[in-house]
Amino acid sequence: MGGAVHPIEGDPVSDDTASTDLADLLELATAVAVEAGELALERRRAGVTVAATKSSIEDIVTEADREAEALIRSRIDAARPDDGFLGEEGNVAESRTGLTWVVDPIDGTVNYFYDRPAWSVSVALVEGDPWNGGRAVVGAVFNPVSGELFRASRGGGAWLGERRLRVNEGVALELALVATGYAYKAETRIRQASIVEGVIGKVRDARRIGSAALELCDVAAGRTDVYYENELSPWDYAAGALIVEEAGGRFDIHPSAGMAFMVAGEAALGEQLRGLLIELGQ
Ligand code: LIP
C-alpha cells in the first residue's frame, strides 16, 4: 500500500477513534471492497438479471448488488460492530462510535447489468452524519474489471496502487475535460441535458462513465479535470470525495434554487465551473 497513514487526529469522536490507526481502517475498507468486487465479478460472469427497480424503471438493482452489500455488512459487523452502516441497498445501522461505513456495493449498476467494464465497489468510513457534513476518514474504490484500486486516508494521500494521485492544476475552464452524469428519472435527465447543452461549448469536451465513484477517482488521477453531478447519495461519493481531496482537489456540494449539485476538482477550476452552472440555472 502507498503512503503513510496517520491516526485520526483533532477532535476524536471517541476513545476508540483516538487510538484507532487509520491504517487498520483503510486495510478493512480495502479488503471488503476487493472481496465484494470479486464476488460481483463472479456473478457478472455467470449472468445477471434485474431483481427489482427503485426510483424508476431505469433504476435497477441486481441480486449481486444485494449479495455484495450483505457480504460487506457481515465483514464490517464482525470487525467493528459498534460502527454505523449506510448501504445503498438498504443495510442501515446506527453508529455508537460516531463512525459510519458508507457503501455502494456496485456503483454503476446499469453498466454492470450491460457488462460494460465501468463499475466499482465504493467503501468509505465517515466521521459524523453521512447525510449532513460527515467526512470520510478512509475510502476505497475498486474496479474489479480493470483491477484498479483507489485508496485514501485523511492526511495520508490518495493512491492508485503505489502511484500517488494528484488532480490537474492550472486548467482554464475553456480547456477543461468535464465529467458529469445523469439521474434515473427522465424529467431530471431532460433538465440535466439542457445544462450540458450550455456547458459543452464552453469547455474542451465532456465525458460520462456512469459511476460517480469512478468519475471522482478519474479527477483524482488527472484523467478528467473536473466533475459535477446532482442527485447523488453519500454512498455514490463518500469514498471518491476523500480520494479527490487527498489528491489536492476539493469536493463541494452546492445548494441551488434548482437541484443541489456537487463539484469535484482543483479549487479554482471548480469555482469557475460552479459559476457557469449557476449562470445556466443549475
Ligand atoms: C450511479 C451513479 C452515477 C449516476 C447514475 C447512478 P448507481 O449510481 O454512480 O454517477 O450518473 O445515475 O446514480 O445507481 O449505479 O449506484
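On the principal axes of its alpha carbon atoms, region 15-164 extends 45, 35, 27 Å, with the longest extent given first. Within the accessible surface of region 161-282, defined with a 1.4 Å probe on protein heavy atoms only, the carbon and sulfur portion equals 50 percent. Note on region 229-249 and region 42-67: Cα centroid distance 24 Å, given to the nearest whole angstrom. Evaluated on the chain, the Kirkwood hydrodynamic radius is 18.8 Å, with distances taken between all distinct Cα atoms.
The accessible area of LEU149, taken with all protein chains in place and a 1.4 Å probe, comes to roughly 40 Å². Region 173-279 has equivalent-ellipsoid semi-axes of 19, 16, 13 Å, by the square roots of 5 times the alpha carbon gyration tensor eigenvalues, sorted largest first.
Given R₀ = 22 Å, FRET efficiency for ASN132-ARG166 by Cβ-Cβ distance, to 0.05? Walk me through the numbers before you get to the answer.
On the way: r = 30 Å, r/R0 = 1.34.
Efficiency, rounded to the nearest 0.05: 0.15.
Mean sequence separation of contacting Cα pairs (under 8 Å, at least six apart), scaled by the length of the chain, corresponds to a relative contact order of 17 percent.
Translational diffusion of region 198-247 was estimated from the Stokes-Einstein equation, with Rh taken as the Kirkwood radius over Cα pairs; at 20 °C and 1.002 mPa s the coefficient is 187 µm²/s. Length gained on full extension, ASP77 to ARG189: 36.6 nm, using 0.36 nm per residue less the C-alpha separation.
The values are calculated or read from the model by the stated rules, or taken from the named source; none is laboratory data. The structure displayed is predicted, hence computed values, not measured ones. Note that we place each Cβ from the backbone using ideal geometry, even for glycine, and neighbour counts take in every protein chain shown. Surface areas here come from the heavy atoms of the whole protein model, side chains and all, with no ligands, DNA or RNA. Shrake-Rupley method; radii C 1.70, N 1.55, O 1.52, S 1.80 Å.
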